[in-house]
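First comes the structure, then the notes that go with it.
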Ligand SMILES: Cc1cc2nc3c(=O)[nH]c(=O)nc-3n(C[C@H](O)[C@H](O)[C@H](O)COP(=O)(O)OP(=O)(O)OC[C@H]3O[C@@H](n4cnc5c(N)ncnc54)[C@H](O)[C@@H]3O)c2cc1C
């Protein structure tokens, strides 16, 4: 039986993995359908502390995964399709057909942006089309967005 299984290799899952691994809990981290989470969909991330020049979203999650592995976290590409309580923990069913048992679970399955479904959305994602106003608003200072000039 595992000590701890973390669902999600986004920034939250990786952060949980770093803390848990450093506490000798030997966490197993399951990627889910989007290994690295939503930050892998973006180009420049400007608002993470410690990166004064910004950092690519994919690079940030790669570094975070590496940091978790350095302390002993195990990362696996798979998807948890079901989990049920058992006597002293939980049983997880994975898409690969594996069944795992664990004493505890951290769910860091994040969220997904609600896109309109236009073909151009994919083409211009991270190049003008944004799904996060607080993340990307600052990129548009002084520019025209939807007929309005964004204030400086
Ligand atoms: C285009 C875009 C640009 C962004 N830019 C910025 C930015 O510049 N700055 C900023 O701060 N934020 C930005 N964000 C928001 C940021 O990406 C999210 O706030 C952040 O990724 C949330 O992290 P998370 O780990 O909670 O979840 P997520 O990143 O959503 O990760 C969820 C994880 O859970 C996994 N998962 C889901 N279901 C299962 C399952 N059944 N079993 C196992 N695993 C599962 C997924 O595969 C994934 O690995 C942006 C978002 C988008 C979409």
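Quick notes
- Test for residue 93: is it at pLDDT 85 or above and within 14 Å of the ligand (Cβ to nearest atom): yes
- Scanning the stretch 107-121 for residues that are farther than 15 Å from residue 33 by Cβ and within 11 Å of the ligand (Cβ to nearest atom) returns 114, 115, 121.
- Checked against (1) in a strand (DSSP E or B); (2) without any contact (Cβ under 8 Å) to a residue 60 or more places away in the chain, residue 104 passes all but a single condition, namely (2).
- Within the option set 17, 23, being more than 7 Å from the ligand (Cβ to nearest atom) and surrounded by fewer than 17 Cβ atoms within 10 Å (Cβ to Cβ) holds for one residue only, 23.
- Restricting 23, 17 to those that are touching a strand residue (DSSP E or B) at 6+ places or on another chain (Cβ under 9 Å), at pLDDT 95 or above and assigned by TED's automatic domain parsing to the domain that holds residue 93 reduces the list to 17.
- Residue in the stretch 138-146 that is over 22 Å from residue 6 (Cβ atoms), away from the ligand (no atom under 11 Å from the Cβ), in a strand (DSSP E or B) and free of Cβ contacts under 8 Å to residues at least 24 places away in the same chain present: yes
- Restricted to the stretch 43-75, and to residues there that are crowded, with 16+ Cβ neighbours inside 10 Å and over 18 Å from residue 19 (Cα atoms), the residue that is nearest to the ligand (Cβ to nearest atom) is 45.
- Residue ranges of strands (runs of 3 or more DSSP E) in the stretch 1-97 with at least 3 members over 14 Å from the mean Cα position of the chain (by Cα): 2-7, 80-86, 89-94
The values are calculated or read from the model by the stated rules, or taken from the named source; none is laboratory data. Since the model is a prediction, treat every value here as computed from it, not as a measurement. For neighbour counting, all protein chains shown are included, and Cβ atoms are generated from backbone atoms with ideal geometry for every residue, glycine included.
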